[in-house]
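A short worksheet on the structure shown next.
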Amino acid sequence: MHEEISRIIENIKTNPRIVMFDEASTKQFVILPLLHSLGWNTHSIDEIRPEFPIENKKVDYSLHVNGKLFFLEVKRIGEELERHEKQLLEYSFLRGVEFAILTNGIHWCFYFPMKRCEWQARKFASLDLRQQETPLVVQKLIDILSKENAITLRNAEELFRTKSITESLPVAWNKLISQADLGLLERLSKITQETCGYHPKPDEVSLFIKEYAYGLLIPLEEKKRAVKRYKQETHSIRPSLKMTLNIANLLDAIAAEYLNQANHTPHSDNDTVYTHSDYPLQLTVRNSPTSDENQKQIQFERLEFLANSQQIVRAFGQYCATHNIQNAYISAPVFAAKLRSEKEQLIKHHWEIVSKSSIFPYFKKVSGGRYWKFVKTG
């Protein structure tokens, strides 16, 4: 089991095309293989049922084991999960589902929907399959989501218990200090008497605690704000861009946005030209002749961006502004300079700079403008 899950996760970490997966492809190439490797029978609707009905809505999968019902909701790679949490928990609550999972294939969030706490606190664990170490991710998936462990949910319950205590201890401490708990007063009075031989009066102890309480309180609100800032900074970046922000990442991410919208025109028997209202670039896609037309995920032999430096810089700037990412390519000269130092990253992500010897490193020259040609093979 460990080896099979490790293989799937390593493929997720290294597959350059994964950022282009839509929801259907995420299910086919990530979710179902992982569930199978975790011991679930993905071929049995008695164990894993797709499109489980909830009133007039549907949950992507219901998992059935030992008379229990769990929900698994799937979004496409790169989809923000937080805005889907409340709906999943509401669906789970309607059916009395005690365990639910929300994932976009890269990020996985685990919930106890029926726990008596604020709905945001019902998430007890999360995983990032690309950012976290593979052995850690493998063990956590087995502990929480393997069919064997899901039967009892013992490991999941222990994680929820640990999280709840960790988050509640600072609150309890602040309450103990700020309210001058009677037990605390008595204990402090006793130790004071043992130290100096005199028993302090209750009001003396209370005054002391009030005077120094502020310095003893744990700043919970600042901690919450720091966590919120961290989530805003990291969740706004697509999984492929979280580790390194470079030209190859941006080309992949922008190509994915082109392919996920329908504004395209056939150019020849094999090529299709894509345009996008947000970006001043033109993407040419050569479709694979062996692709399955029934699949929603576009199969391709070749992707091609043809643009000058100013157009590329504008596209990068637009993408970074939309996704709240710091843009490292603020001008055409900066882009050209960074391009020279990032050629290895481009090769690693299967991008190639195609040029003509007469105007190297450019591919085309029109009205004084020099155009780059970036090509990616499928």
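General remarks:
- Filter result (without any contact (Cβ under 8 Å) to a residue 24 or more places away in the chain and in a loop (DSSP other than H, G, I, E, B)) within the stretch 106-142: M114, R116, E118, Q132, E133
- If the condition is being over 20 Å from P113 (Cβ atoms) and polar (S, T, N, Q), then the stretch 156-188 contributes T166, N174, S178, Q179.
- Hey, F363 modelled with pLDDT of 85 or more, more than 15 Å from L250 (Cβ to Cβ) and not assigned by TED's automatic domain parsing to the domain that holds N15 or not: yes
- Residues satisfying the stated conditions in the stretch 158-178, i.e. surrounded by 14 or more Cβ atoms within 10 Å (Cβ to Cβ) and not β-branched (V, I, T): L159, F160, K163, S164, P170, W173, N174, L176, S178
- If you check S331, S358 for being of a type in the set (S, T, Y), at pLDDT below 85, more than 30 Å from A24 (Cβ to Cβ) and not assigned by TED's automatic domain parsing to the domain that holds T26, only one passes: S331.
- Any hit, the stretch 54-65, residues being modelled with pLDDT under 90 and in a strand (DSSP E or B): yes
- The set of residues from the stretch 37-76 being of a type in the set (S, T, Y) and surrounded by 14 or more Cβ atoms within 10 Å (Cβ to Cβ) comprises S37, T42, Y61, S62.
- Looking only at the stretch 355-378, and only at residues there that are surrounded by 14 or more Cβ atoms within 10 Å (Cβ to Cβ), under 37 Å from the mean Cα position of the chain (by Cα) and of a type outside the set (F, W, Y), the one that is farthest from R286 (Cα to Cα): P361
- Condition broken by L185, with the remaining ones in (1) in contact with a Pro (Cβ under 7 Å, 6 or more places away or on another chain); (2) under 28 Å from E4 (Cβ atoms) satisfied: (2)
- Here E73 fulfils each of the conditions (1) in contact (Cβ under 8 Å) with a residue 60 or more places away in the chain; (2) within 18 Å of the chain's Cα centre (by Cα) apart from (1).
The values are calculated or read from the model by the stated rules, or taken from the named source; none is laboratory data. Here the structure is a predicted model, which means the values were calculated and not measured. Here the Cβ is made from the backbone with ideal geometry for all residues, glycine too, and neighbour counts use every protein chain on show.
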